[in-house]
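Below: one structure, written as structure tokens.
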Amino acid sequence: MADGRTFDVVVVGGGPGGYATAFRAAARGLDVAMVEQAKVGGTCLHWGCIPSKASLHVAELLEEVERGPVMGLDLTLNGIDGDELAAFRHGVVDRLHKGLVGLARQRTTLFEGRGRLVEAGVVAVTGPDGEEQRVEGRHVVIATGSRVRGLPSIEVDGRVVQTSDDAVHFTEAPGRAVIIGAGAIGMEFASMWAPMGTEVTIVEALDRVLPLEDADVSDAVAKAYRSRGIDVHTGATVSAVEVDGDVATVTIDADGSTTTLEVDCVLVAVGRAPRTDDLGIDDLLDDRGFVVADAYGATATDGVWAVGDVLPTLALAHAAFVEGFVVADRIAGVDDVVPVDHTHTPRVTYCHPEAASVGLTEAQAVEQHGDEAVSSTTVSLMGNAKGIIAGSKGFAKVIALRDGPGVAPGATGEVLGVHVVGPHATDLVAEGALATSWGALPEELGAISHAHPTLYEALGEAWMSAAGLPFHVH
């Protein structure tokens, strides 16, 4: 027992899901303990979202320098200082980390070490010194996050063959790289390294990049990547990687043919797996290692909950936030807690061009409602003033439900999905999340004034077009 008391909540894991649960529970007046083995902030802050976005910001600036002559700027780039790039990246992470640790110490009792559920309501915490202490709680929340997923046939050495955990802290972009996997992680690294001079080849086993996104989004991003000189292979696999010194020979199989490349770096970016081994909860796991829980995060064991990447939900920090809020509110006894519906959780990829979506893809909408019941409207950013200034070739796409028989031409039912490709798409999708969450109608949204000139007025144009009232678009 810690400090001679039993906590209301013990949260095992201090990443986004863990600290969201802990902070919301504390705000509800509960006595909270939080156990973290590494660093508060978890993968997102230290090995994922934040350091990668800092490097991507630098890559975007490099691309703007390349566009300088188009805008009348005679610019000279003298190179990249890798140490200063790393210092910039570390400074962003360190500032956020210090803030989080301060909040954690203010709102919770923070225990450093690896937590393991050893009996009902008891978490054994093994500290950095190997000493063990036991922390008791009326409720225990499992929020231990995820780890990078590997490929059985490819050995990661952390040097030539890397995962995102290794690569994110680079000080020098590789000269030549093969990226295995065209999900968000792989596409972001490609977008990060290419402007820094890397010859990038992407290999994706499925038939398109960003395979979880709407097909139009995948096609637009793939086309943009190829136009930037990034080699994209879909429906392809890496059958062998042989490392000799500082060079890897990579064998790529696609359409019955084989290609061999010599590269300086192989990045294995095939997703993440739940970090749930040796937590004392084996009886709560499915055959893939995910915790089995209901829509509120409650497991079959009374008083044991789960949030974040240990669940088979969207592996996104903001998804873990809302899951944490729901669990904390349920523990606190809040009335009418609404379970998380991840259909309305924005999915964001910080590649160039950015891609973001919320709700259903067109294919999913058709599958659920039938082809005749679904309306699809796309507005190009090439006709948007800010889009033209930014050199964008993106678009905003709205998927809506058609109303019943006898409805006026062009009129539609509620918005089912919103998909955006282009500058600041990851910000623009916020309006889409409101639309799908509230079941808004395109004509209602089109009646809202959208500032001009802005990128987000493209969504205003899309709402009006979906309602059968096109403005600037054909």
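In segment 292-310, of all residues being aliphatic (A, V, I, L, M) and surrounded by 24 or more Cβ atoms within 10 Å (Cβ to Cβ), the one that is farthest from F7 (Cα to Cα) corresponds to V310.
Annotation: of all residues in segment 67-100 being over 17 Å from W47 (Cβ atoms) and touching a residue at least 60 places away in the same chain (Cβ under 8 Å), the one that is surrounded by the most Cβ atoms within 10 Å (Cβ to Cβ) is I80.
Examine segment 147-156 for a residue that is in the same structural domain as A222 (by TED's automatic domain parsing), in a loop (DSSP other than H, G, I, E, B), hydroxyl-bearing (S, T, Y) and in contact (Cβ under 8 Å) with a residue 60 or more places away in the chain, and state whether such a residue exists. Looking through segment 147-156, none of the residues is in the same structural domain as A222 (by TED's automatic domain parsing), in a loop (DSSP other than H, G, I, E, B), hydroxyl-bearing (S, T, Y) and in contact (Cβ under 8 Å) with a residue 60 or more places away in the chain.
Looking at segment 157-170, can you tell me whether even one residue there is in a strand (DSSP E or B) and either small (G, A, S) or over 30 Å from T234 (Cα atoms) (or both)? No, there is no match, as no residue in segment 157-170 is in a strand (DSSP E or B) and either small (G, A, S) or over 30 Å from T234 (Cα atoms) (or both).
Would you check if there is a residue in segment 379-387 being crowded, with 23+ Cβ neighbours inside 10 Å and on the phi > 0 side of the Ramachandran plot? No; the residues of segment 379-387 include none that is crowded, with 23+ Cβ neighbours inside 10 Å and on the phi > 0 side of the Ramachandran plot. Among the residues that make up segment 113-125, is at least one of them within 29 Å of F88 (Cα to Cα), assigned by TED's automatic domain parsing to the domain that holds G13 and at pLDDT 95 or above? Yes, that holds for at least one residue. Scanning segment 398-423 for residues that are more than 25 Å from H342 (Cβ to Cβ) and either under 23 Å from the mean Cα position of the chain (by Cα) or at pLDDT 95 or above (or both) gives a single hit, P423.
Restricting to segment 171-190, what's the tally of residues that are part of a strand (DSSP E or B) and among the β-branched types (V, I, T)?
3
Picking from S257, S227, which residue would you name as being surrounded by fewer than 17 Cβ atoms within 10 Å (Cβ to Cβ), of a type in the set (S, T, N, Q) and either in contact with a helix residue (DSSP H, G or I) (Cβ under 9 Å, 6 or more places away or on another chain) or within 30 Å of V379 (Cβ to Cβ) (or both)? When all the criteria are applied, what remains is S227. Please verify whether E60 is in contact (Cβ under 8 Å) with a residue 40 or more places away in the chain and not aromatic (F, W, Y), treating the condition exactly as stated. When the stated conditions are applied, E60 passes them.
Quick one: in segment 388-401, which of the residues that are of a type in the set (G, A, S) and touching a strand residue (DSSP E or B) at 6+ places or on another chain (Cβ under 8 Å) is surrounded by the most Cβ atoms within 10 Å (Cβ to Cβ)? Among them, the one singled out is A396.
The number of residues in segment 175-193 that are closer than 13 Å to S55 by Cβ and either touching an Asp or Glu at 6+ places or on another chain (Cβ under 6 Å) or hydroxyl-bearing (S, T, Y) (or both) comes to 1. Mind listing just one residue for me: the one in segment 449-468 that is surrounded by fewer than 21 Cβ atoms within 10 Å (Cβ to Cβ) and out of contact with any helix residue (DSSP H, G or I) (no Cβ under 7 Å at 6 or more places or on another chain) and, of those, farthest from S375 (Cα to Cα)? Applying the filter and picking the extreme gives H452. In segment 111-151, of all residues being among the hydrophobic types (A, V, I, L, M, F, W, C) and within 30 Å of G186 (Cα to Cα), the one that is surrounded by the fewest Cβ atoms within 10 Å (Cβ to Cβ) corresponds to L151.
Quick one: would you say T426 is surrounded by fewer than 24 Cβ atoms within 10 Å (Cβ to Cβ), out of contact with any Asp or Glu (no Cβ under 8 Å at 6 or more places or on another chain), within 30 Å of A194 (Cα to Cα) and modelled with pLDDT of 95 or more? No. When segment 230-254 is limited to residues that are charged (D, E, K, R) and loosely packed, with under 15 Cβ neighbours inside 10 Å, the one that is farthest from I154 (Cα to Cα) turns out to be D246. Scanning segment 89-124 for residues that are in a strand (DSSP E or B) and touching a Lys or Arg at 6+ places or on another chain (Cβ under 7 Å) returns V122, V123, A124. Close contacts from segment 127-145, counting a first residue that is in a loop (DSSP other than H, G, I, E, B) and a second that is among the basic types (K, R), with Cβ to Cβ under 7 Å and a gap of 6+ residues or different chains, come to T144/R275; G145/R275. Taking the stated definitions as given, is A33 more than 18 Å from D309 (Cβ to Cβ) and surrounded by 20 or more Cβ atoms within 10 Å (Cβ to Cβ)? It is true that A33 is more than 18 Å from D309 (Cβ to Cβ) and surrounded by 20 or more Cβ atoms within 10 Å (Cβ to Cβ).
The values are calculated or read from the model by the stated rules, or taken from the named source; none is laboratory data. Just so we're clear, the structure is a prediction, and the values are computed from it rather than from any experiment. With ideal geometry, Cβ positions are generated from the backbone for all residues, glycine too; neighbour counts draw on all protein chains shown.
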